[in-house]
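Asker: The structure's right below; bear with me while I get my questions together.
Just so it is clear, none of the values below were taken in a lab; they were calculated from the coordinates. None of these values were measured; they are calculated from a predicted model. Cβ atoms come from the backbone with ideal geometry, glycine included; neighbour counts cover every protein chain shown.
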């Protein structure tokens, strides 16, 4: 099957299953106000191919596990973990469709995943990540509940997208509390942090 055929088949499954009721796939970002953000039922996917790793995405679509502790757009309700599952073949097709949705704002091949002392220090000491995101350090789970977990970020996320998001989160999420670190951190420092976060796995004990 050609890549274009896989994309088209996945787009059809995505539509037939009603996925567009919660996730929009046509970019750029649409939300302009907090009301726009709160009206969304799930995260936007117009840059999914730049954000996610394909192997992880296909497996997740077939067996979804909660990524964020709290329900989407909620500070009080826990994530029920009830995202619909797709059959294996359908998950593969939808994965092909979503991986074809990319953003020009995510240059490829910039970041290599690597736990590094500088990136770790900046992440823990200079950035407020633990206020919203869970991650593991020293074998312990730490951090907040209001944002997506970073425990398995290295399995889930494209390292280059992590950097692009740190540098200019508003391209992807214009109405969010996630800060832009451009002007706060140097580009080399952001690259070190992105490489560090991209090294996270669920078994991380560093």
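Asker: Which whole-number percent is the relative contact order of the range 1-98 (Cα, under 8 Å, 6+ apart)?
Answerer: 40 percent
Asker: Mind sorting 133, 83 by how few other Cβ atoms lie within 10 Å of their own Cβ, fewest first?
Answerer: 83, 133
Asker: Now, a different point. With the contact rule set at Cα under 8 Å and sequence spacing of 6 or more, what percent relative contact order holds for the range 111-206?
Answerer: 43 percent
Asker: As a check on your grasp of the helix formula, calculate [θ] at 222 nm for the chain: sum -39500 (n - 2.57) over DSSP H runs of n ≥ 4, divide by the residue count, round to the nearest 500.
Answerer: Calculated at 222 nm, the ellipticity per residue is -10000 deg cm²/dmol.
Asker: On a 0 to 90 degree scale, rounded to 10, what angle separates helix 88-99 from the longest Cα axis of the chain?
Answerer: Helix 88-99 sits roughly 60 degrees off the main axis of the chain.
Asker: Distances over 25 Å make up what percent of all Cα-Cα pairs in the range 1-109?
Answerer: Above the 25 Å cut-off, the range 1-109 has 22 percent of its Cα pairs.
Asker: So, in Å, what gap is there between the alpha-carbon centers of the range 33-105 and the range 135-204?
Answerer: Cα centroid to Cα centroid, the span is 17 Å.
Asker: Still on this structure, I have one more. Given the options 149, 103, 186, state which has the largest fluctuation in a GNM of the chain using a 10 Å cut-off (strictly under) for Cα springs.
Answerer: Result for the chain, Cα springs under 10 Å: 186 fluctuates most.
Asker: Okay, next question. Take every Cα pair under 8 Å in the chain that's 6+ residues apart, average their separations, divide by the length, and report that relative contact order as a whole percent.
Answerer: Once divided by the residue count of the chain, the mean separation gives 25 percent.
Asker: Let me ask something else about it. Quick check: residue separation of residue 33 and residue 146 times 0.36 nm, minus the Cα distance between them. What number comes out in nm?
Answerer: Full-extension gain reported as 38.7 nm.
Asker: Send over the per residue convex hull volume for the chain, Cα only, as a whole number of Å³. Don't skip to the end; give the middle numbers.
Answerer: Numbers: hull volume 25.3 nm³, N = 206.
Expressed per residue, the convex hull around the Cα atoms of the chain is 123 Å³.
Asker: A follow-up question, please. Relative to the present Cα-Cα distance, how much length would full extension add between residue 176 and residue 82 at 0.36 nm per residue of separation?
Answerer: Length difference between fully extended and current span is 31.4 nm.
Asker: At a 10 Å Cβ-Cβ cut-off, how would you order 76, 112, 25, fewest neighbours first?
Answerer: 76, 112, 25
Asker: Mean shadow of the range 117-197, computed from the convex hull of its alpha carbons, in nm²?
Answerer: 5.1 nm²
Asker: Okay, next question. Computed FRET efficiency, Cβ-Cβ of residue 112 and residue 23, R0 25 Å: what is it to the nearest 0.05?
Answerer: That gives a FRET efficiency of 0.25.
Asker: Residue 72 to residue 125: extension gain in nm, 0.36 nm per residue of separation minus the Cα-Cα distance?
Answerer: Computed gain between residue 72 and residue 125 is 16.3 nm.
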